[in-house]
1. Quick one: check the C-alpha center-to-center distance for segment 176-196 versus segment 203-240, whole angstrom.
2. Please give the per residue volume of the convex hull enclosing the alpha carbon atoms of the chain, rounded to a whole number of Å³.
3. Using θ = phi - 60° and the Karplus relation 6.51 cos²θ - 1.76 cosθ + 1.60, list the HN-Hα couplings for segment 217-230 in order, rounded to whole Hz, with x at every Gly or Pro.
4. Over segment 336-487, what per residue volume does the convex hull of the Cα atoms give, in whole Å³?
5. What does the charge count around G8 come to, taking other residues whose C-beta lies under 14 Å from its C-beta (Lys +1, Arg +1, Asp -1, Glu -1)?
6. Less than 16 Å apart at the alpha-carbon level, and either on another chain or at least 8 residues along: which aspartates and glutamates does that give for K95?
7. In nm², what is the average projected area of the convex hull enclosing the Cα atoms of segment 136-268?
8. Tell me the relative contact order for segment 113-158 as a rounded percent, counting alpha carbon contacts under 8 Å between residues six or more apart.
Amino acid sequence: MTRIAVAGFQHETNTFAPFPTTLRQFQTGGAWPALTRGDAIRDVFADLNIPVSGFLRACRHDIAPILWAGAEPGGYVEQAAFDTITAEITKGIAKAAPDAVYLDLHGAMVTRDHPDAEAEILRRVRDTVGPDLPIAVSLDLHGNLSRAFFDLATIVTIYRTYPHVDMADTGARAAALLDHALQHGAPAKAFRQGDFLIPITAQSTEFAPGRDLYAHVAQADAVSADMALGFPPADIPDLGPSIFAYGTSQAQADAAADAILADLRRAAPDFDPRLLAPEAAIAQARAHPGPTIIADVQDNPGAGGTGDTTGLLRALNAGAVPDAILGLLYDPDSARAAHAAGLGATPTLPLGGAFDQFSAPLEAHVTVEALHDGPFLLTGPFYSNTHADLGPMARLHLVGTGIRVAVASRRAQNADQQMFRILGLDPSSHAIICVKSAIHFMADYKRISDHILFAESPGANPCNLGAIPYQNLRPGLRTGPEVAPKT
């Protein structure tokens with residue numbers, strides 16, 4: 001029976017984030033599972049919305065599970081962590097002596113030594129298995145992908161939704177495409193790169209033009225076709241959109257890739273970041289008759305944000321908003337202090353603001369209204385059935401206001417209503433719901449409101465790309481559709 005070695009190593013690296021990503025962060029977990037080895041992968045990932053889960057369910061071959069590791073997006077992955085995890089993967093593959101390899105990667109990992117980290121992973125795997133063994137890879141829609149990476153992989157599949165509700169489906173497509181390669185040989189393939197960057201808040205497939213672009217990708221005349229839109233807060237040459245197409249002939253693959261690239265270029269003027277000043281977002285929310293969701297997009301931990309900025313919270317407080325909830329605020333010190341004080345206590349705490357390049361702490365007199373130890377089940381479409389552990393958590397009511405803050409001890413983007421509910425907050429019953437996320441929250445929160453606003457408060461995930469101090473972009477790449485190319 002054909003034997004497939006299976007491994008995963010995921011990280012979305014924000015090169016502007018003020019902290020490194022260490023081996024411990026891969027080992028600890030949080031909103032995603034901690035580093036998992038061997039046969040435990042089958043159990044841990046059985047029902048999750050993660051590519052490896054979909055691959056395992058769809059694969060009809062003998063599986064040799066090796067390792068899966070992922071960490072919350074953040075700064076550069078430390079080289080020692082990268083080398084340690086990659087070495088364990090390659091040693092496991094060598095020991096398995098497989099007929100093919102499947103890798104669940106992200107596409108936007110960066111280390112100080114390897115700006116194209118996924119290509120480096122594939123180089124090391126290729127050194128292990130040789131040039132001809134089929135390697136299937138699934139990737140995030142936000143991958144920053146190079147021709148070197150494309151050349152090293154036999155086949156690639158990429159998410160087609162943002163919020164990423166099709167992660168497991170993408171792994172299943174990789175299993176089907178790998179079967180095709182095993183039966184018929186490696187397909188003809190074509191690779192294209194876009195020539196402009198797209199802000200994260202403009203990339204969603206919940207609205208145009210992303211919705212229409214990905215509908216066309218799915219209907220491409222090819223064995224398979226996919227497109228990544230890129231992860232903008234990364235100062236590397238291979239930043240931005242890329243297209244992968246596979247065909248029964250080179251002509252078919254080229255035609256599919258060229259058609260998708262033409263669609264992308266036509267859509268360029270329609271990519272709107274939809275950013276509002278916090279005060280403007282709050283004013284619009286207060287004028288709306290039902291619940292409004294305000295995304296604190298530039299402090300999204302899911303894109304490397306610190307999760308602890310206080311810009312939006314200050315605007316809520318200054319505006320005397322009568323009813324608002326905000327979360328998750330990453331503040332282990334305040335969570336620890338709330339647990340020590342106990343329910344009903346009214347301490348004065350410096351909330352957030354540990355990374356003062358973005359905001360200062362907000363000194364607040366609070367009532368401790370609810371406490372939680374951290375482990376709970378996420379139930380929304382994005383995290384779907386993930387057992388999270390965010391450490392000690394607390395619900396804090398800013399005394400004399402209508403504002404309540406959900407505080408956690410580990411960074412995680414708020415893309416699931418359970419992150420409020422486990423602290424006794426029902427988002428649907430509040431007028432303003434502020435989430436530290438960019439787009440993924442929409443998968444769950446759109447169930448309670450379609451009035452969604454993006455607030456431009458300072459943070460490590462800049463969505464106004466013209467303000468990013470890039471130094472390493474390739475020549476000809478524009479930081480926006482109407483911006484002159486970099487020379």
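The values are calculated or read from the model by the stated rules, or taken from the named source; none is laboratory data. Please read these numbers as outputs of a predicted model, since none were measured by experiment. Glycine gets a Cβ as well: all are built from the backbone with ideal geometry, and neighbour counts include every protein chain shown. Heavy atoms of the whole protein, side chains included, go into the accessibility calculation; ligands, DNA and RNA do not. Shrake-Rupley method; radii C 1.70, N 1.55, O 1.52, S 1.80 Å.
1. That distance is 16 Å.
2. Working: hull volume 62.0 nm³, N = 487.
Taking the convex hull of the Cα positions in the chain, it is 127 Å³ per residue.
3. Calculated HN-Hα couplings, in order: 4, 5, 9, 4, 7, 6, 4, 6, 8, 8, 9, 9, 9, x Hz.
4. Details: hull volume 23.0 nm³, N = 152.
Cα convex hull per residue, to the nearest whole number: 151 Å³.
5. With Lys, Arg at +1 and Asp, Glu at -1, the neighbours total -3.
6. D39, D62, D127
7. Details: hull surface 28.9 nm².
One quarter of the hull surface, i.e. the mean projection, equals 7.2 nm².
8. On the way: 35 pairs, mean separation 21.9, N = 46.
This gives 48 percent for segment 113-158.
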